[in-house]
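Enquirer: Pasting a structure below so you can have a look.
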Amino acid sequence: MDYLKSTSDATSERGGLRGKLKKVVLAYSGGLDTSVIVPWLRENYGCEVVCFTADVGQGIKELEGLEEKAKASGACQLVVKDLKEEFVRDYIFPCLRAGAIYERKYLLGTSMARPVIAKVNFRCEVLDIEVAIDSMVRFELTFFALDPKLNVVAPWREWDIRGREDAIEYAKKHNVPVPVTKKSIYSRDGNLWHLSHEGDILEDPANEPKKDMYMLTVDPEDAPNEPEYIEIGIVSGLPVSINGKEFSPASLLSELNQIGGRHGIGRVDMVENRLVGMKSRGVYETPGGTILFTAVQELESLTLDRETMQVKDSLALKYAEQVYAGRWFDPLRESLDAFMENITKTTTGSVTLKLYKGSVSVTSRTSPFSLYRQDISSFESGEIYDQADAAGFIRLYGLPMKFFCSSLSPLGSPPKDNNLERERGTVIMAQLKSFSPCPSSTNIRFHGPKRASLLYNGRMCCPGKLSSAFQLGARTSELHGNASVSISTNGSVNSSHNKQVIRAALPSQKELKISEATNNGGLRGKLKKVVLAYSGGLDTSVIVPWLRENYGCEVVCFTADVGQGIKELDGLEQKAKASGACQLVVKDLKEEFVKDYIFPCLRAGAIYERKYLLGTSMARPVIAKAMVDVASEVGADAVAHGCTGKGNDQVRFELTFFALNPKLNVVAPWREWDITGREDAIEYAKKHNVPVPVTKKSIYSRDGNLWHLSHEGDILEDPANEPKKDMYMLTVDPEDAPNQPEYVEIGIVSGLPVSVNGKELSPASLLSELNQIGGRHGIGRIDMVENRLVGMKSRGVYETPGGTILFAAARELESLTLDRETIQVKDSLALKYAELVYAGRWFDPLRESLDAFMEKITETTTGSVTLKLYKGSITVTCRKSPYSLYRQDISSFESGDIYDQADAAGFIRLYGLPMRVRAMLEKGL
């Protein structure tokens with residue numbers, strides 16, 4: 001065959017490289033595009049074409065018959081290289097170690113493959129591969145970095161072929177066998193990490209993918225009915241073994257693809273922002289990769305401290321951006337990689353995962369370098385951690401908030417400078433509003449730090465001994481006005497509609513003599529009345545007599561209903577009375593909690609340490625704010641809480657007190673008394689004739705609200721233990737969930753949910769409805785080891801059914817309405833937002849400023865998202881928005897009038913110029 005035919009007339013007309021190249025290496029797949037490119041190059045450039053195929057694990061079928069296809073297309077040579085081990089070891093594993101995920105979901109399968117393919121060249125002119133514009137960037141930036149003298153030819157930016165049908169016609173005209181017909185099919189790209197699907201019905205983001213489209217993973221509905229447990233061994237952040245058996249990198253990933261595939265693991269459907277400005281939709285199957293990401297991140301929860309994880313997660317966003325944008329050989333990515341390699345030196349150990357019908361959950365994690373210390377994290381006091389140290393930590397940590405808020409607070413001294421006062425008038429008025437009782441109906445409830453005494457049944461039921469008005473207020477979260485009930489000492493009931501407070505004035509108790517301990521200085525003997533955050537559990541029941549005995553003060557018990565369940569509120573009046581309280585105040589804060597605390601965090605996308613949806617963190621400031629209001633109403637000079645000195649809640653409460661009334665005194669019994677654990681507390685209660693709700697037998701410590709239910713303590717204190725099946729209370733076991741999936745549509749306006757399946761609901765009612773829906777499908781179970789603010793690690797298991805659904809919906813809608821730069825900035829700020837909320841800095845000006853950004857940037861995040869719920873997993877099936885930036889006429893593989901592919905040439909040359917100049921410098925050019 002004559003490989004060098006004469007150049008067509010077009011070559012002389014277009015100039016440039018045409019007619020000047022002798023040999024071109026074509027990245028060759030054997031598909032329609034590259035099969036057509038071979039004769040087009042010979043016809044238009046008059047050059048020999050060497051076809052190069054890299055085996056990166058795309059499958060034997062993809063490689064079959066390539067030599068015959070290349071020959072039939074007119075190539076002079078076919079070169080095939082097996083790059084699987086290099087691909088996994090030098091590209092996939094570094095991204096895995098870095099935790100690099102692009103735009104929340106994409107595990108960078110194609111992005112990692114392009115540089116390893118482009119790196120293998122033959123010191124001759126090189127050709128880009130295909131129509132996907134981002135792939136052009138990734139190939140050409142690698143060429144720039146490794147050999148800036150290479151010429152690059154990109155036919156899709158030059159030729160007149162505008163789509164697949166034109167390509168098929170061109171192939172027939174030149175007697176090139178084509179692998180497809182004119183019928184539109186999916187565009188796929190596969191390697192050992194993933195298989196991607198684009199085109200066809202996927203070009204409309206409102207369409208659900210067809211069941212027969214998937215090729216690596218079975219449908220979760222058809223997956224085995226029995227879960228499979230798998231243990232991943234990891235050394236310095238990189239996986240080395242499966243179930244105790246060591247594998248090479250490529251063999252390990254291949255094995256996990258088989259295991260994950262048969263359980264339907266690793267399906268991702270997303271709309272992403274391409275580097276070149278357009279949006280595109282892709283469906284990805286990444287079974288082995290999903291398993292490995294879960295395992296590595298779970299092990300890091302043991303081996304990385306709080307500050308390290310925050311920095312690593314922040315840099316992981318930049319790492320993913322670099323890889324997605326084709327900058328693999330950029331010094332910035334290489335420097336980030338050096339950091340990731342160094343910081344994960346101790347990430348060694350094993351993680352056991354449970355695979356079941358599309359979902360992956362952790363059951364055990366162990367490491368010889370674990371920073372988790374059970375003797376420190378346990379609820380019982382120990383020798384290593386002194387709870388009294390927390391007092392000084394909180395005072396110093398909260399000092400900036402105290403000073404800032406004191407300067408603005410009407411409770412402090414007014415500014416002496418009248419001009420300054422006028423200039424700051426707006427700020428002061430805003431601060432005044434935050435001090436006043438919230439006029440809207442809301443839901444709250446308080447749980448002390450020792451939450452083992454709080455038994456939760458997840459159901460709403462009213463206390464039988466309270467008035468009907470109180471029952472009405474407790475039962476419904478849709479109060480369209482402010483209701484109050486006062487229970488007097490004689491039992492008469494008066495109702496009104498100006499306050500949302502429910503008071504129970506209890507019979508006065510005989511004053512207790514102040515113990516000798518009050519003479520130890522400080523506040524003892526100086527306080528008149530203390531408002532105690534009261535749950536009716538063991539800790540707060542004991543605190544009441546302890547305060548009266550040691551401080552000689554009256555105790556007003558305050559309980560906030562934040563949706564923890566009516567059973568938690570049942571009998572509080574009798575409990576408070578028996579403990580010695582002079583008054584009980586109950587506030588329903590559910591609507592306020594959801595509207596003003598949960599929804600802003602949802603809009604911000606705030607997730608702490610990759611998994612925690614901040615359920616307790618959001619509840620504490622709304623409770624503490626209400627306590628400040630109650631303290632003002634009853635004339636209290638102090639507030640108290642039952643938070644342990646080992647937890648985060650003490651910080652969250654006290655920073656809120658600092659911010660809203662820095663003059664209030666704070667009493668934290670767990671940092672003062674001699675009670676060292678539950679058994680001591682039970683003995684103290686018996687001594688003072690206080691009825692106790694628990695026995696000495698260890699139980700879980702729980703904290704519940706309308707957003708979540710958390711579980712701590714008992715067997716969970718060992719992170720190697722799998723939670724017991726009967727521990728969960730809001731969600732059914734996924735194995736026991738319905739065998740048929742349920743579809744739910746979430747309506748969203750400006751980043752906030754407003755409806756479920758077309759029915760508009762108040763914030764609290766909407767969340768309650770989704771809790772019921774998600775709970776029956778086992779949605780929202782999270783088991784994690786987290787870094788507490790006070791330096792220790794702790795393990796918690798969280799049930800957040802409705803919240804998990806809402807997070808999935810909000811993020812999917814943002815994929816339509818936010819562009820690439822916006823998502824990158826929002827995600828980076830979301831990390832800081834979550835840190836602030838977790839650390840109790842809700843009223844910090846920084847969080848408020850971040851919230852202003854989030855509110856503004858999500859103004860157009862309006863539309864609907866349909867989700868499929870099935871046995872613990874959530875998948876998106878449809879997303880729509882009138883403000884969608886996704887344009888099917890631009891994103892389609894067929895050429896259109898709006899997007900000119902020729903523009904990509906100039907974009908790539910300028911975008912890659914720094915890399916090219918650096919390479920020229922290194923090579924002395």
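The values are calculated or read from the model by the stated rules, or taken from the named source; none is laboratory data. This one's a predicted model, so the numbers in the text were calculated from it and none came from an experiment. Here Cβ is always computed from backbone atoms with ideal geometry, including for glycine, and neighbour counts include all displayed protein chains. Accessible surface areas use protein heavy atoms only, side chains included; no ligands, DNA or RNA. Shrake-Rupley method; radii C 1.70, N 1.55, O 1.52, S 1.80 Å.
Enquirer: Only sites in a loop by DSSP and with at most 15 other Cβ atoms within 10 Å count here; which trypsin sites (Lys or Arg not before Pro) in segment 818-911 make the cut?
Expert: Qualifying residues, ordered by number: R887.
Enquirer: May I ask for the distance between the Cα centers of segment 785-831 and segment 565-621, given as a whole number of Å?
Expert: Their Cα centres are 20 Å away from one another.
Enquirer: Separate question: Calculate, for K759 and K345, the FRET efficiency according to 1/(1 + (r/R0)^6) with r their C-beta to C-beta distance and R0 60 Å; round to the nearest 0.05.
Expert: 0.70
Enquirer: Report the accessible area of S301, computed with a 1.4 Å probe over the heavy atoms of all protein chains in place, in Å² rounded to the nearest 10.
Expert: Roll a 1.4 Å probe over it and S301 shows about 10 Å².
Enquirer: Whole-Hz ³J(HN,Hα) for each residue in segment 610-621, computed from phi via Karplus 6.51 cos²θ - 1.76 cosθ + 1.60 with θ = phi - 60°, x for glycine and proline: what do you get?
Expert: Computed from phi, the couplings for segment 610-621 are 6, 9, 7, 8, 6, x, 6, 4, 7, 6, 4, x Hz.
Enquirer: If I model a spin label as a point 7 Å beyond the Cα along the Cα-Cβ vector, how far apart are those points for S248 and Q574 in nm?
Expert: Simple spin-label model gives 7.2 nm for this pair.
Enquirer: Then there is this: Take K211, K577 and sort them by solvent-accessible surface of the protein heavy atoms, 1.4 Å probe, largest at the top.
Expert: K211, K577
Enquirer: Something else: Name the aspartates and glutamates eligible as straight-distance cross-link partners of K826: C-alpha to C-alpha under 17 Å, and not fewer than 8 places from it in the same chain.
Expert: Qualifying aspartates and glutamates at Cα under 17 Å: E103, E272, D313, E321, E609, E812, E814, E835, E848, D851, E855, E859.
Enquirer: As an exercise, use a Förster radius of 30 Å and the Cβ-Cβ distance of V917 and S849 to find the FRET efficiency, rounded to the nearest 0.05.
Expert: Efficiency at R0 = 30 Å is approximately 0.20.
Enquirer: Calculate the spin-label point distance for D900 paired with D389, positioning each point 7 Å from the Cα along the beta-carbon direction, and give it in nanometres.
Expert: 6.6 nm
Enquirer: For segment 737-773 and segment 870-894, compute the distance between their C-alpha centroids and round to whole Å.
Expert: 19 Å
Enquirer: If you don't mind, another one. Please compute the modelled spin-label separation between N689 and K23, points set 7 Å along Cα→Cβ, answer in nm with one decimal.
Expert: Going by the 7 Å Cα→Cβ label model, 10.2 nm.
Enquirer: Right, here's the next one. How many angstrom lie between the C-alpha centres of segment 141-213 and segment 269-310?
Expert: Here the two parts' Cα centres lie 25 Å apart.
Enquirer: While we're on this one: Going by accessible area, probe 1.4 Å, with all protein chains left in place, what is the ranking of H688, H777, largest first?
Expert: If we order H688, H777 from most to least accessible, we get H688, H777.
Enquirer: Still on this structure, please answer the following. Longer than 23 Å from Cα to Cα, which of K402/K575; K69/K210; K279/K880; K318/K923 are they? Say none if no pair is.
Expert: In this structure, K402/K575; K69/K210; K318/K923 exceed 23 Å between Cα atoms.
Enquirer: Rounding to the nearest 20 debye, state how big the charge dipole of segment 526-694 is about its Cα centre with +1 on each Lys and Arg Cβ and -1 on each Asp and Glu Cβ.
Expert: For this selection, approximately 240 debye.
Enquirer: Turning to a different aspect of this structure: Ignoring ligands and nucleic acids, what accessible area does I782 show with a 1.4 Å probe (Å², nearest 10)?
Expert: About 40 Å², ignoring ligands and nucleic acids.
Enquirer: I would also like to ask the following. Given the whole protein assembly as supplied and a 1.4 Å probe, what does the accessible area of D305 come to in Å², nearest 10?
Expert: In the full protein context, D305 sits at about 70 Å².
Enquirer: Another one. With a ≥ b ≥ c the root eigenvalues of the C-alpha gyration tensor of segment 526-694, is it rounded (a/c under 1.5), prolate (a/b larger than b/c) or oblate?
Expert: In terms of gyration-tensor shape, prolate.
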